[in-house]
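Student: I have a structure here, written as structure tokens, and I will follow up with some questions on it.
The values are calculated or read from the model by the stated rules, or taken from the named source; none is laboratory data. The structure displayed is predicted, hence computed values, not measured ones. Virtual Cβ from ideal backbone geometry, glycine too; neighbours counted across all protein chains shown.
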Amino acid sequence: MTPGLLYLAASIACSVTVAAMLKLARGWRIDVRQAIAVNYAVAATLCWTVLRPASDTLFAAGTPWLTLAALGILLPSVFLAMAQAVRHAGVARSDAAQRLALFIPLIAAFLLFGETPDGPKLAAIALAFCALYCLLRRPSPDSEPAEGGRDRWLWPLIVWAGYGVIDVLFKQVARTGTAFSGALLLAFVLAGMLMLGYLLWRRARWEWRHALAGVALGLANFGNILTYIRAHQSLPGHPSVVFASMNMGVIAVGALIGALAFRESLSRLNLLGLALALAAIVLMIPR
């Protein structure tokens, strides 16, 4: 296996690991808020030491602070939503919803940035919305208790919208010329500060086990980002392969982990949604 494919496999594993840890957090009685706060401290530290963003560009005159502030608010908020989605809807549906969020910046490119839509992309968007409907569709009232029923579709929907907006904001930052590593570091720092302020305001009782869970979460979170970057660097001539393999891999592995490790049950409509999500990603591959 080539280094690029190894990086890709590692990135898929890290992404699914994040969802699995969020799923396990409740059973282990982990305060997800504290874990997410520590996660951003770990991710920011690793971003600074591994990616080494140029210090002179961090506070340049053109730094888009409003966009970065929005990212600082959205990142922990959507992370918390992901924790709720995994808890109520499961790993498979939550991971699929997160990956389908990639179509929101595609729609934004057409509506906001003047990109011309073509047939395959429009078909991919249509399939993505069909997939989202199938994934979020609730079972009949006879097969599902009323309590918690709304949470099974609402939280994945929030995850889908939230990660899509985050992707659009990162693309907006890139359009200003701000280096990705620097923007990522600033977003992590702002997100961590926001979570810390919230926990201090709530007078959270800090415990080592919550912090250790946050360290593990931060390692997996940053590992996902780093190995995805390295996969693109190792396969510079095949960006579409990296893009498609990453998204399809997370959906497929997430479904397997959900079914085998957590005994998650998916309806036929949910399984159709997973298949449509994979088909939508295939249509996105440039030809």
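Student: Looking at (1) surrounded by 22 or more Cβ atoms within 10 Å (Cβ to Cβ); (2) closer than 23 Å to Ala97 by Cβ, which is the only condition Gly192 fails?
Tutor: Looking at each condition in turn, Gly192 falls short on (2).
Student: Hey, another quick one. Looking only at segment 60-112, count how many residues are surrounded by fewer than 19 Cβ atoms within 10 Å (Cβ to Cβ) and of a type in the set (Ser, Thr, Tyr).
Tutor: Of the residues in that region, 2 qualify.
Student: Here are some residues: Leu200, Leu212, Leu184, Leu219. Which one is farther than 21 Å from Val16 by Cα and of a type in the set (A, V, I, L, M, F, W, C)?
Tutor: Selected residue: Leu200, the only one of Leu200, Leu212, Leu184, Leu219 that is farther than 21 Å from Val16 by Cα and of a type in the set (A, V, I, L, M, F, W, C).
Student: Limited to segment 86-132, what total is found for residues that are under 18 Å from Leu271 (Cβ atoms) and in contact with a Leu (Cβ under 9 Å, 6 or more places away or on another chain)?
Tutor: 15
Student: Further, regarding this structure: Exactly one of (1) touching an Asp or Glu at 6+ places or on another chain (Cβ under 8 Å); (2) among the small types (Gly, Ala, Ser); (3) closer than 30 Å to Ser55 by Cα is unmet by Gly258. Its number?
Tutor: (3)
Student: Let me ask you something else. Gly197 - would you say it is of a type in the set (Gly, Ala, Ser), out of contact with any strand residue (DSSP E or B) (no Cβ under 7 Å at 6 or more places or on another chain), at pLDDT 95 or above and exposed (fewer than 14 other Cβ atoms within 10 Å of the Cβ)?
Tutor: yes
Yes/no matrix, rows are residues, columns are (1) closer than 28 Å to Arg175 by Cβ; (2) assigned to a helix (DSSP H, G or I); (3) not hydroxyl-bearing (Ser, Thr, Tyr):
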{"site": "Leu8", "(1), (2), (3)": "yes, yes, yes"}
{"site": "Ser15", "(1), (2), (3)": "yes, yes, no"}
{"site": "Leu24", "(1), (2), (3)": "no, yes, yes"}
{"site": "Arg33", "(1), (2), (3)": "no, yes, yes"}
{"site": "Cys47", "(1), (2), (3)": "yes, yes, yes"}
{"site": "Gly72", "(1), (2), (3)": "yes, yes, yes"}
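Student: Please specify each residue of segment 152-195 satisfying the condition of being assigned to a helix (DSSP H, G or I), closer than 19 Å to Cys47 by Cβ and small (Gly, Ala, Ser).
Tutor: Of everything in segment 152-195, those that are assigned to a helix (DSSP H, G or I), closer than 19 Å to Cys47 by Cβ and small (Gly, Ala, Ser) turn out to be Ala174, Ser181, Gly182, Ala183, Ala187, Ala191, Gly192.
Student: Could you grab me the full set of residues in segment 196-219 that are among the aromatic types (Phe, Trp, Tyr) and in a helix (DSSP H, G or I)?
Tutor: Correct list: Tyr198, Trp201, Trp208.
Student: How many residues are assigned to a loop (DSSP other than H, G, I, E, B), over 24 Å from Pro286 (Cα atoms) and without any contact (Cβ under 8 Å) to a residue 60 or more places away in the chain when one looks only at segment 236-273?
Tutor: 2
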